[in-house]
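Below is one structure, written out as structure tokens; the observations come after it.
The values are calculated or read from the model by the stated rules, or taken from the named source; none is laboratory data. All values derive from a computational prediction rather than experimental measurement. In this analysis, Cβ positions are derived from the backbone assuming ideal geometry, glycine residues included, and neighbour counts consider all displayed protein chains.
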Amino acid sequence: MKKFFCFGITCLFFLSVFACKSTTVTTSTVPLIYTDDQRTKIEILGEVFYESKDRVGYIGLLKAARSLYPNCDYVIDIMAEQRITTTTTTTSYFPLFFIKDKQSVNTEIIWVMRGTAIRYIR
């Protein structure tokens, strides 16, 4: 009886551990090559801007381009920059000169990418 009870408890434990596991698979397609061959015909769709407080990359820029231009194949002439805004606030306790001023610094970083959306003419 004791062996059966231990076996049952062990099975319930593993059942509860494996029942809580979930797996999510996401697949995205990203173009890995761009040709600058003069014979390749392209259509320039327009300029694309992408901003984020998180680091940005080509995937985010391509998604922004495809949301503006659904038939976009690639983004060229990419420029990435970082905007840093630092705000310093100083609080002074005016008639109380013996109390040190309180200073707080807040830094905000915004990543910006821009490029030109194109479509290959096939």
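Here are the numbers for the structure shown:
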{"item": "Filter result (under 26 Å from I84 (Cβ atoms) and without any contact (Cβ under 8 Å) to a residue 60 or more places away in the chain) within segment 107-122", "result": "T107, E108, I109, I110"}
{"item": "Within segment 50-94, tally of residues that are touching a Leu at 6+ places or on another chain (Cβ under 9 Å) and under 24 Å from E108 (Cβ atoms)", "result": "3"}
{"item": "Segment 43-73: number of residues that are of a type in the set (K, R) and modelled with pLDDT under 90", "result": "2"}
{"item": "Test for T40: is it in contact with a Ser or Thr (Cβ under 9 Å, 6 or more places away or on another chain), modelled with pLDDT of 75 or more and more than 16 Å from G115 (Cα to Cα)", "result": "no"}
{"item": "Unique residue being surrounded by fewer than 12 Cβ atoms within 10 Å (Cβ to Cβ), more than 23 Å from the chain's Cα centre (by Cα), modelled with pLDDT under 85 and hydroxyl-bearing (S, T, Y) when the list is T88, T29, T24", "result": "T88"}
{"item": "All positions within segment 43-71 that are assigned to a helix (DSSP H, G or I) and either under 16 Å from R119 (Cβ atoms) or among the basic types (K, R) (or both)", "result": "L61, L62, K63, A64, A65, R66, S67, L68"}
